[in-house]
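Each value in this text was obtained by applying a stated rule to the coordinates, not by laboratory testing. As the structure is a prediction and not an experimental result, all values here were calculated from the model. Neighbour counts are summed over all protein chains in view; Cβ atoms, including those assigned to glycine, are modelled from backbone coordinates with ideal geometry.
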């Protein structure tokens, strides 16, 4: 009989973290725990952390503080990237009982039950080079969409990134093992599966398999309506993958492709494995095969040595590029990254100003893309949240639309015509829907 009865979870960061939190939650459920919200006085709180931004420490402290304010006796376990990178910092946070590294996070139920609530700040964190196993997982709880983890870790060691230090080398399951996980996800009722990982284009290399082979096999599975490929490196997004998505009825015309900089000088300093010409070619080929596809871009501003001239190169490259939205990140210094060796540091106010400039550009591009869909009919997958009498969904090519809430439409796909846009820029449709 377990010492605790109820468990709550708080997840920071990426889609991959949400998939892994769901896998951890299933371990607790199998051990007899009931999943509750943090405000419902859980016996155990699991915090799955992120290391991408410089706010990891602050966010983790705030969550622990909130948790013990609601429930002073809660057992707090912290896992995730930040736990692997800075275990001592987390262990020193008042209220944290145990910190588990990458090799231990999926043993969390056993570790929690081995430790008394009176013991604080225990750390079980090994060397990242020893992390070799791939633990499959998929998110559960959102009936509409699930995130399927198909790959973990990264071999690239970009100058700004700590992910290889937090998650280890690139690894994945076989195609057959991944298909089995996809079938479990389908059985959970989700209509859309998002393939996620750290560097998913690297899928299968240890097994002599490829991402293209995987998506072809996934496409043939029964019971799922939609797939999306999450962020994929431009050098690994082959024309063959783009061609297959173009003819598939299940893989959506939506790509998110990290750029990070529109300056070849900065890309080289970042140790990225492509240059702007290849990126431009990828975007052009997507447009040739799927003119209505949605293309999103990651970009980092303020990387060391990014002069005004080099930033303008990025701004002009993105202005001319036929993409639809940007995720703009302000560079922040990360321990143990090679970018720290670069002497020409960009002052923080300039970093923030550049971020603002590119966010405005993103809004312009998104608005142009959305306005082009006025009067256009696309298939929409409706989500379950009732937001003050309205519900939202996304078209196949990732235009967000809203309509009056109708419970019968939750987790269904319907053909919709956008008739106008609301004050927040979301597409509004007529209340007459035709099931696709």
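Which value in nm describes the separation of the simple spin-label points at residue 222 and residue 114, placed 7 Å from the Cα toward the beta carbon?
4.5
At what distance in angstrom do the alpha carbon centres of the stretch 227-262 and the stretch 283-325 lie from each other?
If you average the Cα positions of each part, the centres end up 15 Å apart.
Ranked by Cβ crowding within 10 angstrom, fewest neighbours first, how are 352, 256 ordered?
352, 256
Hey, quick one: spin label on residue 424, modelled 7 Å out along Cα-Cβ, who in the stretch 371-410 has an amide N within reach, i.e. under 14 Å?
Flagged as within label range: 383-394, 400-405.
May I ask you to compute the full-extension gain from residue 345 to residue 298, defined as 0.36 nm times their residue separation minus their alpha-carbon distance, rounded to one decimal in nm?
14.8 nm
Let me have the relative contact order for the chain, percent, based on Cα pairs under 8 Å that are six or more residues apart.
RCO, the chain: 10 percent.
Efficiency by 1/(1 + (r/R0)^6): what FRET value for residue 268 and residue 205, r their Cβ-Cβ distance, R0 = 25 Å, to the nearest 0.05?
0.55
Under a plain spin-label model, where a point goes 7 Å from the Cα along Cα-to-Cβ, how far apart in nm are residue 327 and residue 26?
About 2.4 nm separates the two model spin labels.
If we sort 227-233, 304-310 on the protection proxy, mean other Cβ atoms within 10 Å, highest first, what's the order?
Taking the mean over residues of other Cβ atoms within 10 Å, the ranking is 227-233, 304-310.
Suppose the chain between residue 244 and residue 70 were pulled fully straight at 0.36 nm per residue; how much longer would it get relative to their current alpha carbon spacing?
Contour length minus Cα-Cα distance gives 57.6 nm.
What share of the DSSP beta bridges in the chain is antiparallel, in percent to the nearest 5?
35
Among 357, 24, 242, determine the one that fluctuates most according to a GNM of the chain built with springs between C-alpha atoms less than 10 Å apart.
With Cα springs under 10 Å in the chain, the top fluctuation among 357, 24, 242 is at 357.
Let me know the shape class of the stretch 85-175, please: from the alpha-carbon gyration tensor, a ≥ b ≥ c as square roots of the eigenvalues, rounded when a/c is under 1.5, otherwise prolate if a/b is greater than b/c, or oblate.
oblate
Quick check on the exposure proxy: order 161, 60 from fewest to most C-beta atoms within 10 angstrom.
161, 60
Which order, highest average first, do 134-140, 77-83, 29-35 follow once you tally other Cβ atoms within 10 Å for each residue and take the mean per peptide?
Per-residue Cβ counts within 10 Å, averaged per peptide and sorted highest first, yield 77-83, 134-140, 29-35.
Rank by packing, highest mean first: peptides 259-269, 283-293, 37-47, with packing defined as the count of other Cβ atoms within 10 Å averaged across residues.
Final packing ranking: 259-269, 37-47, 283-293.
Only residues of the stretch 306-325 count here: report those whose backbone N is under 13 Å from the spot 7 Å along Cα→Cβ of residue 357, or say none.
Inside the label zone: 306-319.
Taking the simple approach of a point 7 Å from Cα along Cα-to-Cβ for both residue 338 and residue 235, what is their distance in nm?
Simple spin-label model gives 1.1 nm for this pair.
Quick check: residue separation of residue 5 and residue 37 times 0.36 nm, minus the Cα distance between them. What number comes out in nm?
10.2 nm is the gain from fully extending residue 5 to residue 37.
Taking only DSSP H segments of four or more residues, each worth -39500 (n - 2.57), what value at 222 nm results for the chain once the sum is divided by all its residues, to the nearest 500 deg cm²/dmol?
The per-residue figure over the chain is -10000 deg cm²/dmol.
Using semi-axes √(5λ) of the Cα gyration tensor in Å as the read-out, say which of [x] 38, 27, 22; [y] 34, 29, 22; [z] 55, 27, 20 was calculated from these coordinates.
Recomputing semi-axes √(5λ) of the Cα gyration tensor in Å here picks out [y].
For a quick check: sort 422, 118 by the number of other beta carbons within 10 angstrom, fewest at the front.
Ranking 422, 118 by Cβ neighbours within 10 Å, fewest first, gives 118, 422.
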